[in-house]
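The values are calculated or read from the model by the stated rules, or taken from the named source; none is laboratory data. On a predicted model such as this, the values are computed, not experimentally measured, just so you know. Reconstructed Cβ throughout: ideal geometry from the backbone, glycine too, with neighbour counts over all protein chains shown. Quick note on the areas: whole protein, heavy atoms, side chains included, nothing else; ligands and nucleic acids left out. Shrake-Rupley method; radii C 1.70, N 1.55, O 1.52, S 1.80 Å.
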Amino acid sequence: MAAETRTLTTGKHNNRAFQTVFIFLGIIIFITLMVLIIFPSWTLIKTSLTREKAVTLNNYIELLSQKSTYTVLVNSLFVSLLGSVGATVIGVLIAWLLARTDVPGKRFWQTFLIVPYLIPPFIGAIAWVYLLGPVGYLNKIWMAISGSLAPLFVIYGKWGIVFVMAIYSYPIAYMVNLGPFRQMNPSLEEAARISGASMTRTLRDIVLPLMAPSIGGSFLLIFMSMMANFGIPAVIGFPARYYVMTTKIYMTILNYDNPNNLALSAGLSMLLVVIALVLMQVQRRVQRNKSYAIISGKSTQPQQVQLGKWRTPAVVFLSLLVFVAVIAPLLAILLTALMRALGVPLTLDNITLRNFAQVLFELPKARRAVINSLGLAAGSATIIVLVSLVISYLIVRLRVKGSQLIEGIILLPYAIPGTVVALALILAFLKPLPLLKVSIYNTIWILVVGYVTRFLTLGERSIKSALEQIHVSLEEAARISGANYFTAFKDIVLPLIKTNVFAGWFLAFIPALTELTLSILLFSVNNETLGTVVYGLHQEGKVLMTAALAFIVTIIVLGLNFITNRLTKNQMGF
Amino acid sequence: MAELRLVNLCKTYGDTNAVKDVNLTVRDGEFVTLLGPSGCGKTTTLRMIAGFTTPTAGSILLDEVPITSIEQKILLPPEKRDMGMVFQSYAVWPHMNIFQNVAYPLKFKHFSKQEIQDKVMNVLGLVKLENFAQRMPDQLSGGQQQRVALARALVMEPKVLLLDEPLSNLDAKLRESMRFEIVELQRRLKITVVYVTHDQAEAMSMSDRVVIMYNGLIQQIGSAPDVYQKPVNAFVADFIGMANFIPCIIQDISGDVARVILDDGTENHYLLCPITSGHYSPGERAVVVVRPEFVEVIPYQGQGGTNAKVVRQTYLGDKSDCLLELGKINLRANTQTSFLLTPGQDVSVSFTNPILLDVER
């Protein structure tokens, strides 16, 4: 309605044309999203309800009568629950230490404790295999020191999954809770102290209840991401034959011996989708309930909790965490990548760069993977940014009815587990498209579709929030100065949201570069990606080359984050 | 019932002295206000009393028992000090209802359920909130939240009540009525109070004694009339109320009275000033402080008197604010609204209650 009024008052043809162009683009995007998101979703549901071309509940009946279905469901819930409890406890503790206490070296911890968040989880899992596998470094050191013939702890299995998940997810809890901890009025705690409560009592009675919505929200966020994770249970679980929902779906899809494999995996996927969507609703409600976490009030100076005798334990804890979560895994990958041969003693003679050379120049699929992943990530990110610009402008400025619907649709592929998204795409595009008579299955295009739909919401959120920050009067000032819609958009809006457009591009580019979950199901020969090749080399037991490629990927990711951070002046990236 | 004593209290942050050598005794049942501009050290002092900030040196004694003593390595944590505190931001816990908020300090005192119920309802009655016990804080106005904070600070009958700019977040009307409510409660409960504010009207109207602080130092301690009528230095004179500062030179001294010549460029304006503090000798430079209400403006009396020129007169309703030129000096005077002056007009002025102060301070 607001848009109509504006057009009437200015009455210029090019303004109407400008809107028409946007609305036309919006319609195209909407139709495309229907084909790429809604159609696969519908196909997934249909497949789960179909057997021998007849509508039936037999797939579900078969799944629910198998013990293995319950086993993997319980396994998924078990590792996700324990993993997220661990991650939340660690993350909240760090957030509190860094936001509210006088722990020394805050800047150092802030930089390094975030690193696990940036490393692709499956690479983290591989690193921990190098450390705590049957012949992992830590186990070998233990055997050498203790003289024991048995390793200290073999990571394969449920406890390993819980451990690695916690290590790579605690930064989420840390980041979510840091702000609320900082914004909490210190007088609330001081009022409890002067009322007679000790420091620990104050934490229990005041701080934790006030933080409950934020802590609960982060817990659910982590729980959801763990339920959906494929890389960690694949790397750590398969060797111990320990399966969770995502890896079970993956195996069912690849089980070509069973004629009903796709229908059954669709049924399993629907179970996982229901859980994911319920969790998302709960999470949204918990976070919306935030009302009192941030109570305003002019506080004289944010008084920091004096740790006193707890200072040393706190520093030890943080140092240990940096070692366990950052230094040890990265060192393990680097050392393995530099090794001349597997199992040779660690001496200067045995250090070589040959593995890097080999993986980059002698292994065609690795070289293809580098090119493919860079191209795929860059292409997807660019499409995402362009589409996001249109969607955001439709929602924020033109307020076209129904444009919010697009927002809901693009959230879907991000909210449901990647394995399910991949299955839905396979089911939808296995056969040639009805009208166009082309098949994108087994081509690089299905990866483009997967990446764009999955990461679209990341770019859209970044650009939309930037657009919302720009008051409409800035555009109106340009209009009254003589600019039309096109010029105002070009001269005022675009320059102001430039940073967020870059940020949105990188936010989509980085996860796309190292994507594994979708890619492992959608890739084909000649269309390998970095994720699939690293994972494949690892499964083939090519340890040295895996390590070399994993190290290169890690360095690229950390470097890109650094660039993002500089470009956005510390707003995004780390 | 308690006497609070601060002895040589110091607090330094890096190179800056936030509080320098503060000595103060707050008598049993006394209402003492720490007053000063922001950054003067008043809040730091209060937080040291509460135990939230550790002093760099000095000690704090409650009924002659040290609760903070850097020299003796004593530092009682806030929860062991038996004090109540009202915070600037109210700090009413948003996840507890009013009753729970006020009852919280009693949790640590081993009271029966019935005793807690009685005590909380009693103190809620004192702050006129007995009907709000089951409400949540976000259902209360700012003034009501402030009363909850007050009730919570009073419920355990603390030895000392600390208030940190408790009224500064309230609107002007409410602020004034809360002033009297707090004072009335304090008189009724005969409780020892340390109150921090930057608002001089608040300090003057509420306190038994005002402690004026600046740059971490206590400038003057005294009753409201004391600090207004007998400021010990230019800062206090300037901070409390309006003041004209007129440089002068001591001519001669007889007894407690100094005869000074005003250094306004005319060299013929003389004044007699009582000496209340400090030592002066003839020929020395000093400053005469005169409040605008003590500058009397009368129609021009001819040569010989103290003559000035009108710059402008501003109507303020209850009085007029008059800007005069006394030689090369600007002078503010309050006149009756019926006494109309025109810019450029010559007038004669006379000063009552002049205060003689050192130049340096």
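From the list A:ILE114, A:ILE119, A:ILE194, the lone residue that is open to solvent by less than 50 Å² (accessible area, probe 1.4 Å), within 14 Å of another protein chain (Cβ to nearest Cβ) and not basic (Lys, Arg) is A:ILE194.
Where in region B:132-225 are the strands (runs of 3 or more DSSP E), entirely inside, with at least 3 residues that are within 21 Å of B:ARG81 (Cβ to Cβ)?
Details: elements: B:160-164, B:192-197, B:209-214, B:217-222.
In region B:132-225, B:160-164, B:192-197 are the strands (runs of 3 or more DSSP E) which contain 3 or more residues that are within 21 Å of B:ARG81 (Cβ to Cβ).
Of everything listed in (1) within 30 Å of A:MET224 (Cα to Cα); (2) at pLDDT below 90; (3) open to solvent by less than 10 Å² (accessible area, probe 1.4 Å); (4) of a type in the set (A, V, I, L, M), the single unmet condition for A:ALA377 is (2). If we scan region A:400-407, do we find a residue that is modelled with pLDDT of 90 or more, part of a helix (DSSP H, G or I) and among the hydrophobic types (A, V, I, L, M, F, W, C)? No. Can A:PRO259 be described as open to solvent by 10 Å² or more (accessible area, probe 1.4 Å) and away from chain B (no Cβ under 14 Å)? When the stated conditions are applied, A:PRO259 passes them. In region B:147-158, the residues that are within 11 Å of chain A (Cβ to nearest Cβ) and touching a residue at least 12 places away in the same chain (Cβ under 8 Å) reach residues that are open to solvent by 10 Å² or more (accessible area, probe 1.4 Å) and acidic (Asp, Glu) with C-beta atoms within less than 7 angstrom, at least six apart or across chains, in these pairs: B:PRO158/B:ASP82. Taken over region B:337-356, the residue count meeting the criterion of being in contact (Cβ under 8 Å) with a residue 24 or more places away in the chain and not in a strand (DSSP E or B) is 10.
Of all the listed residues (B:ASP256, B:ASP263), the sole one being charged (D, E, K, R), touching a residue at least 12 places away in the same chain (Cβ under 8 Å), over 20 Å from B:PRO343 (Cα atoms) and loosely packed, with under 13 Cβ neighbours inside 10 Å is B:ASP256. Would it be correct to say that A:MET175 is over 25 Å from the mean Cα position of the chain (by Cα), more than 14 Å from chain B (Cβ to nearest Cβ) and part of a helix (DSSP H, G or I)? Taking the combined requirement at face value, the residue does not satisfy it. Do we have any residue at all in region A:98-110 that's within 22 Å of the chain's Cα centre (by Cα), in a helix (DSSP H, G or I), without any contact (Cβ under 8 Å) to a residue 40 or more places away in the chain and closer than 22 Å to A:SER214 by Cα? Yes, region A:98-110 contains at least one residue that is within 22 Å of the chain's Cα centre (by Cα), in a helix (DSSP H, G or I), without any contact (Cβ under 8 Å) to a residue 40 or more places away in the chain and closer than 22 Å to A:SER214 by Cα. Residue count for region A:79-109 satisfying the condition of being surrounded by fewer than 23 Cβ atoms within 10 Å (Cβ to Cβ) and under 10 Å from A:TYR170 (Cβ atoms): 4.
Considering A:LEU425, A:LEU474, the condition of being out of contact with any strand residue (DSSP E or B) (no Cβ under 8 Å at 6 or more places or on another chain), crowded, with 23+ Cβ neighbours inside 10 Å and part of a helix (DSSP H, G or I) is satisfied by A:LEU425 alone.
Quick test for you: out of A:PRO180, A:PRO186, A:PRO209, pick the one residue that is open to solvent by 20 Å² or more (accessible area, probe 1.4 Å), within 14 Å of another protein chain (Cβ to nearest Cβ) and either more than 19 Å from the chain's Cα centre (by Cα) or within 20 Å of A:VAL129 (Cβ to Cβ) (or both).
A:PRO209
Taking the criterion of being surrounded by 12 or more Cβ atoms within 10 Å (Cβ to Cβ) and at positive phi, no residue of region A:46-78 qualifies.
Being surrounded by 18 or more Cβ atoms within 10 Å (Cβ to Cβ) and more than 10 Å from chain A (Cβ to nearest Cβ): is that true of B:THR43 here? So B:THR43 fails the test.
If you go through region B:109-140 and keep only what is open to solvent by 20 Å² or more (accessible area, probe 1.4 Å) and in contact (Cβ under 8 Å) with a residue 40 or more places away in the chain, you end up with B:LYS109, B:LEU126, B:MET136, B:ASP138. Under the condition of being modelled with pLDDT under 90 and either within 10 Å of chain A (Cβ to nearest Cβ) or touching a strand residue (DSSP E or B) at 6+ places or on another chain (Cβ under 6 Å) (or both), the residues counted in region B:159-172 number 2. Residues that are surrounded by fewer than 16 Cβ atoms within 10 Å (Cβ to Cβ), at pLDDT 55 or above and more than 14 Å from chain B (Cβ to nearest Cβ): does region A:287-302 have at least one? Yes: region A:287-302 contains one or more residues that are surrounded by fewer than 16 Cβ atoms within 10 Å (Cβ to Cβ), at pLDDT 55 or above and more than 14 Å from chain B (Cβ to nearest Cβ). Cβ separations smaller than 7 Å between residues 6+ apart or across chains give the following pairs from region A:420-431 residues that are closer than 15 Å to A:MET270 by Cβ and in contact (Cβ under 8 Å) with a residue 60 or more places away in the chain to residues that are open to solvent by less than 10 Å² (accessible area, probe 1.4 Å) and outside any helix (DSSP H, G or I): A:VAL421/A:LEU518; A:ALA422/A:LEU518. Is there a residue in region A:537-547 that is farther than 30 Å from A:LEU331 by Cβ, part of a helix (DSSP H, G or I) and touching a residue at least 40 places away in the same chain (Cβ under 8 Å)? For region A:537-547, residues farther than 30 Å from A:LEU331 by Cβ, part of a helix (DSSP H, G or I) and touching a residue at least 40 places away in the same chain (Cβ under 8 Å): absent.
When each of B:ASN334, B:ASN268, B:ASN330 is tested for being open to solvent by 70 Å² or more (accessible area, probe 1.4 Å) and assigned to a strand (DSSP E or B), the lone residue that passes is B:ASN330. Residue count for region A:428-448 satisfying the condition of being open to solvent by 20 Å² or more (accessible area, probe 1.4 Å) and not in a loop (DSSP other than H, G, I, E, B): 3. Exactly one residue out of A:ASN561, A:ASN565 is without any contact (Cβ under 8 Å) to a residue 24 or more places away in the chain and under 18 Å from the mean Cα position of the chain (by Cα), and it is A:ASN565. Open to solvent by 60 Å² or more (accessible area, probe 1.4 Å), assigned to a helix (DSSP H, G or I) and farther than 25 Å from A:PRO209 by Cβ, is that true of A:ILE28? The answer is yes for A:ILE28. Could you go through region B:64-87 and let me know if any residue there is part of a loop (DSSP other than H, G, I, E, B), open to solvent by less than 10 Å² (accessible area, probe 1.4 Å) and not basic (Lys, Arg). There is at least one residue in region B:64-87 that is part of a loop (DSSP other than H, G, I, E, B), open to solvent by less than 10 Å² (accessible area, probe 1.4 Å) and not basic (Lys, Arg).
Any residue at all in region B:46-54 that's free of Cβ contacts under 8 Å to residues at least 24 places away in the same chain, touching a strand residue (DSSP E or B) at 6+ places or on another chain (Cβ under 6 Å), within 14 Å of chain A (Cβ to nearest Cβ) and crowded, with 16+ Cβ neighbours inside 10 Å? Checked against the condition, which is being free of Cβ contacts under 8 Å to residues at least 24 places away in the same chain, touching a strand residue (DSSP E or B) at 6+ places or on another chain (Cβ under 6 Å), within 14 Å of chain A (Cβ to nearest Cβ) and crowded, with 16+ Cβ neighbours inside 10 Å, region B:46-54 yields no hits at all. Within region B:71-116, the set of residues being touching a strand residue (DSSP E or B) at 6+ places or on another chain (Cβ under 9 Å), among the acidic types (Asp, Glu) and more than 9 Å from chain A (Cβ to nearest Cβ) comprises B:GLU71 only.
Restricting attention to region A:222-242, does a residue exist that is surrounded by fewer than 22 Cβ atoms within 10 Å (Cβ to Cβ), within 14 Å of another protein chain (Cβ to nearest Cβ) and part of a helix (DSSP H, G or I)? No, region A:222-242 has no match at all.
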